[in-house]
Amino acid sequence: MDNVIVTGGTGLIGRQLSKKLKKKGYNVAFLSRNSNPGGDIPVYLWDPDKNMIDPEAISAADYIIHLAGEGIGDKRWTKKRRVLILNSRIKTCELLFNKVQESGTKFKAFISASGIGYYGAVTTDKIFSETDPPSGDFIGEVCRQWEISAERFEKSGIRTVKIRTGIVLTGKGGALARMTIPVKLGFGSALGSGRQFIPWIHIEDLCNIYLKAIRDSSMTGAYNAVAPEHITNREFMCILAKVLEKPFFFPAVPSFVMKILFGKMSEILLNGSRISACKLISAGYLFEFPDVENALKNLFPEK
Ligand SMILES: NC(=O)c1ccc[n+]([C@@H]2O[C@H](COP(=O)([O-])OP(=O)(O)OC[C@H]3O[C@@H](n4cnc5c(N)ncnc54)[C@H](OP(=O)(O)O)[C@@H]3O)[C@@H](O)[C@H]2O)c1
């Protein structure tokens, strides 16, 4: 069976994805900065700061999935943090490309994460699709450069897929865990105007999309990985409270409070547009969780 090397596989998406890939019969290994990240997946080491990759990782690969990157929503975007966010995605991708070129290894496809932040932190009526240009804001620029670095593989003749991911909903961790805290405490409310859209995706669908990107050799270029349903922040928080059987009557958290709490990063919480899933659907992908209520019920089955 084919070997899949996953950079940043120790993270939220990588852990779930590797379980799915193993279940489907793939040999999975992580490319990690940590020789012992726990779990039962073999690990190859890399040290992007020292331009070092275990050469066996490259020679073993039939597919490379590039998920590595500093958490975008983990800390305030100081100048130093912005450099880390950018370099941990782009320099790592360049390192992979250079090592693949040096070794002369041919593999079947390079699949890179990207984000719907490509289109910018804006709230409009527009529905963004893959042909829309990148935004000039910080995350838009990160995604643009991230994708350009991935496209070097494409130019060298390797099939390349870029998964522009929405907010990933999982049962544990990630954005949903943070959104759930006030709701569980009985303080569920919208953020800012509440009119900004939340382009979301259930982790199961996201893993299936990566699997499809491996198996379907007609997939190439960028795909928005978001559920087809368009839902505002207020609607989302209201459904979350309903699924958790908690009240939803508190006034929205004002934008200025969000700005004090999160600084510039508040932009991605206070803004959001509709993102089209049409290209993925046209490619034959059938969503398991197209609507948020069923997605949340699946993630919180005890309710
Ligand atoms: N989760 C979401 O809602 C979401 C939405 C849109 C896009 N994405 C993108 O999808 C990718 C995976 O997301 P995730 O939620 O699984 O991320 P995550 O949980 O933060 O994991 C990312 C992994 O990247 C590696 N990493 C972190 N900092 C690094 C650095 N400075 N240099 C090299 N590697 C580094 C780490 O692996 P090691 O410690 O093992 O090296 C970490 O486990 C990310 O690039 C993210 O931006 C995620």
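Things to note:
- Each residue, Asn298 and Phe249, gets one label point 7 Å from its Cα in the Cβ direction; the gap between the two is 3.3 nm.
- Taking only the Cα atoms of region 104-167, the ratio Rg/Rh comes out at 1.05, with Rh defined as the Kirkwood radius.
- Region 110-236 shape via C-alpha gyration tensor axes, a/c threshold 1.5: prolate
- Estimated [θ] at 222 nm from DSSP helical runs (n ≥ 4, -39500 (n - 2.57)) normalised by residues in the chain, nearest 500: -12000 deg cm²/dmol
- Among Asp132, Asp40, Asp205, the order by Cβ neighbours within 10 angstrom, fewest to most, reads Asp40, Asp132, Asp205.
- Scattering profile of the chain at q = 0.07, 0.14 Å⁻¹ [log10 I(q)/I(0), Debye over alpha-carbon scatterers]: -0.26, -1.07
- Of the GluC sites (Glu not before Pro) in region 249-295, those whose Cβ has at most 15 other Cβ within 10 Å and which sit in DSSP loop: Glu288
- Listed by chain and number, the lysines whose alpha-carbon sits under 22 Å from that of Lys23, ignoring those within fewer than 8 places in the same chain, are Lys108, Lys172, Lys212.
- Pairwise Cα inverse-distance average, inverted: Kirkwood Rh of region 2-135 (Å): 16.1 Å
- Ranked list, fewest to most other Cβ atoms within 10 Å of each Cβ, for Glu245, Glu70: Glu245, Glu70
- Full-stretch length increase - Ser218, Arg81 - with 0.36 nm per residue and alpha-carbon distance subtracted: 45.6 nm
- Put in line by how crowded their Cβ is, counting other Cβ atoms within 10 Å and starting with the fewest, Cys278, Cys238, Cys143 read Cys278, Cys238, Cys143.
- Taking the DSSP bridge list for the chain and keeping only pairs wholly inside it, about 10 percent are antiparallel.
- Normalised contact order of the chain, rounded percent, pairs of Cα under 8 Å and 6 or more residues apart: 18 percent
- Pairwise centroid distance, computed over Cα atoms, of region 1-43 with region 247-303, Å: 27 Å
- Amide H to amide H, with H built 1.01 Å from N, Gly221 comes under 5 Å of Thr160, Val161, Lys162, counting only residues 5 or more places away or on other chains.
Taken together, the values in this text are just the output of simple stated rules run on the coordinates, not laboratory data. Since we're looking at a predicted model, the values are computed, not measured. We place every Cβ from the backbone using ideal geometry, glycine too, and count neighbours over all the protein chains shown.
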